[in-house]
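This report concerns only the one structure given below.
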Amino acid sequence: MASIPSCVLGFSSHGLPTSSFNESFIRLFGNDHVIFLDDERESVQISLDQSSGSGFASQLTYLYSYFSASIKLPGNYTAGVVVSYYTSNADEYRTNHDEIDFEFLGNTGGRPWTLQTNLYGNGSTGRGREERYTLWFDPTQDFHSYSILWTSTWIVYYVDDVPVRVVQKIDAMGGDFPSKAMTLFATIWDGSNWATGGGRDKVDYKYAPFTAKYSSFVLYGCSANPAREDSAAEMCGNATDLNSFNGLTAERKGRLEKFRIEHLTYSYCDDRSRYPTPLPECNLKGKSSRSIYRL
């Protein structure tokens, strides 16, 4: 693996090579609902209607990598619709899978989309680490970039190169931090039972098809064979270049805190009905999760 460019360490996709669909992805399900928007197959549309949802997946699995895509969400009434961009190895590790999620939760007409992030490590699905946010723009009007930096000790989520969440691995998390090679996925599906109003507002298929568009794919990191736990180390030298990242700069911390103060609407760290004792990485020390850097 080449030395990681400063644009990644500075939380930007600019300067990194992009991939076409044919170079990096395969259809996952709803094949006729996955269509290309240009001859070079650099942009793709996935859709949901009453017959099917749809999605695609990376051809390779990756360990400790940087992923980015520009996404445009469906407009109008989208209650119950879930659009996602995430990494997972659930097919390879049925009982102890890892996952890093961007999920976009639709809403009733005229109300904005909700962005949700989450992560699991080693099958820790009983300890969800969800956060939800509003966005400072309308994600249905244009493409916006959503990116994940994943190293052996850090996960950073960004929106348009603004860090919106940071998770730093600590010993007390045990195996809850994602550490096994994963595939990158993008899907759209019917989440009527939970996505909007806790399941109150369902998908209304008279507004279908619901379409999400993806482009400007960046998959920068270490490809690996998930069936061999040592393969990523062999191919990437333990991703030492990517792992040179050691936290946000002071300027980036300021942007993160500003976003969280203005746009965070839910954090598992603040949910005492769910976690009377906060999970170990929360460590709020009397502060709101809106103003702490670790998250």
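The values are calculated or read from the model by the stated rules, or taken from the named source; none is laboratory data. Computed from a prediction, not measured in an experiment: that's the story for all the values here. When we count neighbours, we look across all protein chains shown, and the Cβ atoms used for this are built from the backbone with ideal geometry, even at glycine. The accessibility values were calculated without ligands, DNA or RNA, using every heavy atom of the protein model including side chains. Shrake-Rupley method; radii C 1.70, N 1.55, O 1.52, S 1.80 Å.
Summary table below
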quantity	calculated
Considering residues of the range 1-15 that are surrounded by fewer than 18 Cβ atoms within 10 Å (Cβ to Cβ) and among the aliphatic types (A, V, I, L, M) only, the residue modelled with the highest pLDDT	L9
Any pair with Cβ under 7 angstrom, 6 or more apart, that starts in the range 147-171 at a residue that is touching a residue at least 24 places away in the same chain (Cβ under 8 Å) and ends at one that is of a type in the set (D, E) and not in a loop (DSSP other than H, G, I, E, B)	R165/E131
Criterion violated by G126 - all others in (1) free of Cβ contacts under 8 Å to residues at least 60 places away in the same chain; (2) touching a Phe, Trp or Tyr at 6+ places or on another chain (Cβ under 6 Å); (3) assigned to a loop (DSSP other than H, G, I, E, B) satisfied	(2)
Among (1) surrounded by fewer than 18 Cβ atoms within 10 Å (Cβ to Cβ); (2) touching a Leu at 6+ places or on another chain (Cβ under 6 Å); (3) of a type outside the set (V, I, T) - the single one G109 does not satisfy	(2)
Residue match in the range 253-265 (condition: closer than 28 Å to P139 by Cα and at pLDDT below 70)	no
Residue count, the range 176-192 (criterion: outside any loop (DSSP other than H, G, I, E, B), open to solvent by 40 Å² or more (accessible area, probe 1.4 Å) and closer than 27 Å to L60 by Cβ)	1
Which numbered condition A90 misses (of (1) open to solvent by 30 Å² or more (accessible area, probe 1.4 Å); (2) modelled with pLDDT of 95 or more; (3) in contact with a Pro (Cβ under 8 Å, 6 or more places away or on another chain); (4) within 24 Å of F177 (Cβ to Cβ))	(3)
Only listed residue being open to solvent by 10 Å² or more (accessible area, probe 1.4 Å) and modelled with pLDDT of 95 or more, chosen from D160, D98	D160
Filter pass, E40 being at pLDDT below 95, surrounded by fewer than 20 Cβ atoms within 10 Å (Cβ to Cβ) and not in a helix (DSSP H, G or I)	yes
Candidate set: the range 112-132, residues that are β-branched (V, I, T) and more than 11 Å from the chain's Cα centre (by Cα); chosen: the one least open to solvent (accessible area, probe 1.4 Å)	T114
